[in-house]
Amino acid sequence: MDLLDRRRVYIVPTRPGLMMFGVVGLILIGATNYDNALAYILCFLLLGLMFSAMLRTWRNLKGLGLEVQDAEPIHVGSPARFELQLCDPDARERYAFTLRRLLPGKRYWWWRPRFEGEAGVETVPAAGLRVGLSVPTARRGWLTLDRLEIASSFPLGVFRTWGYFRCSARCLVYPAAVGQRPLPGVGESAADDTGTAGPGVDDFAGLRGYVAGDSLRSVHWRASARSDLLLVKKMQGGGRGELVLRWQDTGGVGDTETRIAQLAQWVLQADRAGLRYGLELPALQIAPEQGPLQRERLLRALALMPE
């Protein structure tokens, strides 16, 4: 858990706060010029109210803690959703926060940094609060939350206080699954020592027990309902049992990112078809398998492929 101690909480007057200071200054000048006791009372009353609000605003943020979990992998263009847990070791309620992910880059004290992804929080109860922060994605690979700003102007809006959390949580962004080419033909199926073709996908050849990694689309639900086991359809024939998605098959599609997007689309198509499929990249080869784990393995390899 990352806690904001007093040295990491900053506070400045807002524009309404500066205007209020100016009004109090004018009242003080008038009170001094005319020696008006009621004007002095009003001036000091407003100053006391503002300094009390400044302390309340600062204490609203001081000591707040944050825990962040890694986000689920998504494709480029979909927002990455991080789960943030706001909590207070002192079990005090907090109010009116804004959370923002700051963009990397040079930062100067006179210029507020750019941000993307924003979440508003009305109340943080003493037991803590879970908040979802959506961050837009524009490129594949790892998206790190990095620097998170939390700010508040509670209770009067005349002061703004803020602090920064350093977050190591990240999200794996898969490439976009787009392309115009159809799924390429299935390569030669595996053969045993006698030259007999391995399992294919053309003809129904019976049922077998479910094995971890099998696609749920291949489960024979009607037969499984009459049995104590989960049964999977066994297919064979046509020499189309395994499919290898090769980098060279995307030649002429476009630049590197376009070719990666085409491979990602083929991965999803092969998974929906219930095929055993693998991937062959210039520096990586993944053997054909089946199921959601294989799909995630291939999409991860495409997401982390060097540009």
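The values are calculated or read from the model by the stated rules, or taken from the named source; none is laboratory data. This is a predicted model, so every value here is computed, not measured. All Cβ positions, even for glycine, are placed from backbone atoms using ideal geometry, and neighbour counts span all protein chains on display.
Selection of segment 272-296 for residues being charged (D, E, K, R) and either touching a Pro at 6+ places or on another chain (Cβ under 7 Å) or more than 15 Å from residue 248 (Cα to Cα) (or both) yields 272, 276, 289, 295, 296. Among the conditions (1) in contact with a Lys or Arg (Cβ under 8 Å, 6 or more places away or on another chain); (2) surrounded by fewer than 12 Cβ atoms within 10 Å (Cβ to Cβ); (3) under 23 Å from residue 162 (Cα atoms), residue 60 misses just one, which is (2). Selection over segment 129-147 of residues that are crowded, with 16+ Cβ neighbours inside 10 Å, hydrophobic (A, V, I, L, M, F, W, C) and either at pLDDT 95 or above or under 26 Å from residue 175 (Cβ atoms) (or both) gives a count of 4.
Do we find that residue 74 is under 16 Å from residue 160 (Cα atoms) and β-branched (Val, Ile, Thr) in this structure? For residue 74, the condition - under 16 Å from residue 160 (Cα atoms) and β-branched (Val, Ile, Thr) - is not met. Select from segment 242-261 the residues that are touching a Lys or Arg at 6+ places or on another chain (Cβ under 6 Å) and at pLDDT 85 or above and list them in ascending order. Once the filter is applied, which keeps residues that are touching a Lys or Arg at 6+ places or on another chain (Cβ under 6 Å) and at pLDDT 85 or above, segment 242-261 yields only 250. Residue 69 - would you say it is surrounded by 14 or more Cβ atoms within 10 Å (Cβ to Cβ) and at pLDDT below 95? So residue 69 does not fit the description; no.
Let's see how each residue does on (1) within 44 Å of the chain's Cα centre (by Cα); (2) among the charged types (D, E, K, R):
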position: 1; (1), (2): yes, no
position: 5; (1), (2): yes, yes
position: 11; (1), (2): yes, no
position: 20; (1), (2): yes, no
position: 34; (1), (2): no, no
position: 40; (1), (2): no, no
position: 58; (1), (2): yes, no
position: 70; (1), (2): yes, yes
position: 82; (1), (2): yes, no
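Residues of segment 260-278 that are part of a strand (DSSP E or B) and crowded, with 24+ Cβ neighbours inside 10 Å: 276, 277.
Just one of the numbered conditions (1) at pLDDT 90 or above; (2) not in a helix (DSSP H, G or I) is not true of residue 239: (1). Annotation note: Cβ proximity below 6 Å between a residue of segment 285-297 that is under 19 Å from residue 247 (Cβ atoms) and a residue that is acidic (Asp, Glu) and not in a helix (DSSP H, G or I) (sequence gap 6+ or interchain) occurs for 288/242.
Here residue 98 qualifies as in contact with an Asp or Glu (Cβ under 8 Å, 6 or more places away or on another chain) and either among the hydroxyl-bearing types (Ser, Thr, Tyr) or not assigned by TED's automatic domain parsing to the domain that holds residue 151 (or both).
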